[in-house]
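Let me begin by presenting the structure, written as structure tokens, before commenting on it.
The values are calculated or read from the model by the stated rules, or taken from the named source; none is laboratory data. A quick note: this is a predicted structure, and the numbers were derived from the prediction, not measured. Neighbour counts are summed over all protein chains in view; Cβ atoms, including those assigned to glycine, are modelled from backbone coordinates with ideal geometry.
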């Protein structure tokens, strides 16, 4: 009986002496844009996280799914001039990456931070090839960008969203997306965004390309496009996507704008386009038309001129 008691006491003593790892102080971070182009180079510097007692620490990085091996850029004990900066070359793979940095030190739990940029190029959009049925190509001399247009009735319509960069907001603040999605504009900016000789459409202009009736017309404006091989318009059985009008509307959503923040909303579900009209009930509201993947009708609504950003299509 005595031996059993002594053995039990010895086990408890060993457990109580087990060293417990510590947590780093602060929050590890670094910054990457939401969308990046193949071949771009970024120098990523981790910051904001330290040991609580001055223990030397290091950093290692991983990039999934293209390079899963660890790349240690600062070893514990390296001089302070080795700040852990990682030279990140965007791979030539159109996908979403997970770029992760980890800080480590003896006696500490690792702390990590990850960013998930999407690699894009002109080849990211497929299925939206535009046919020149009765139009042509217009060059905007302000930016030397070409726009395909088609004549619908007696009116020329640009078949892609405007991307004039003197005004407007890039999708998720990434200029690499301008060529793919165009820019989003508040109402006042939209009024001046079209090149000379072109203008914003009215609600009636939009209705005219729908044969005078918005009911059931949404699919005739939508294009069944893919972004990095993923279907852009979510499937809904009541909406039949035909793009008969050749407008080739993409669900890039819209943005809400405040003094210090821009939120991008509705990608995959909404296409929104400003008109030249303002609300008859409130001069601070502009009129826009929109498409929703779950509704077969084209619809119109109003929004704050300064705090709502939508796409722009130009006509003449």
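Looking only at residues of the stretch 136-152 that are in a loop (DSSP other than H, G, I, E, B) and without any contact (Cβ under 8 Å) to a residue 40 or more places away in the chain, we find that the one that is farthest from the chain's Cα centre (by Cα) is 144.
If you go through the stretch 26-48 and keep only what is under 19 Å from the mean Cα position of the chain (by Cα), surrounded by fewer than 15 Cβ atoms within 10 Å (Cβ to Cβ) and closer than 13 Å to residue 115 by Cα, you end up with just 31. For residue 92, indicate whether it is touching a residue at least 12 places away in the same chain (Cβ under 8 Å) and surrounded by 13 or more Cβ atoms within 10 Å (Cβ to Cβ). When the stated conditions are applied, residue 92 does not pass them.
For every residue, the table says whether it meets (1) without any contact (Cβ under 8 Å) to a residue 60 or more places away in the chain; (2) more than 18 Å from residue 159 (Cα to Cα); (3) over 15 Å from the mean Cα position of the chain (by Cα).
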{"residue": "197", "(1), (2), (3)": "no, no, yes"}
{"residue": "209", "(1), (2), (3)": "yes, no, yes"}
{"residue": "216", "(1), (2), (3)": "no, yes, yes"}
{"residue": "229", "(1), (2), (3)": "no, yes, yes"}
{"residue": "246", "(1), (2), (3)": "no, no, yes"}
{"residue": "255", "(1), (2), (3)": "no, yes, no"}
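Screening residue 145 with (1) in contact with a strand residue (DSSP E or B) (Cβ under 8 Å, 6 or more places away or on another chain); (2) surrounded by fewer than 13 Cβ atoms within 10 Å (Cβ to Cβ); (3) outside the structural domain of residue 48 (by TED's automatic domain parsing); (4) at pLDDT 95 or above gives one miss only, at (2). Residue 241 falls short on exactly one of the conditions (1) touching a residue at least 24 places away in the same chain (Cβ under 8 Å); (2) more than 20 Å from residue 163 (Cα to Cα); (3) assigned to a loop (DSSP other than H, G, I, E, B), and that condition is (1). Among the residues making up the stretch 184-222, none is at positive phi and either buried (at least 21 other Cβ atoms within 10 Å of the Cβ) or in contact with a helix residue (DSSP H, G or I) (Cβ under 6 Å, 6 or more places away or on another chain) (or both).
Does residue 81 satisfy being in a strand (DSSP E or B), on the phi < 0 side of the Ramachandran plot and free of Cβ contacts under 8 Å to residues at least 40 places away in the same chain?
Judged against the criteria, residue 81 is not a match.
Restricting 271, 301 to those that are free of Cβ contacts under 8 Å to residues at least 60 places away in the same chain, surrounded by fewer than 16 Cβ atoms within 10 Å (Cβ to Cβ) and in the same structural domain as residue 231 (by TED's automatic domain parsing) reduces the list to 301. Here residue 166 passes the criteria (1) assigned to a loop (DSSP other than H, G, I, E, B); (2) touching a residue at least 60 places away in the same chain (Cβ under 8 Å); (3) touching a helix residue (DSSP H, G or I) at 6+ places or on another chain (Cβ under 9 Å) except the one numbered (2).
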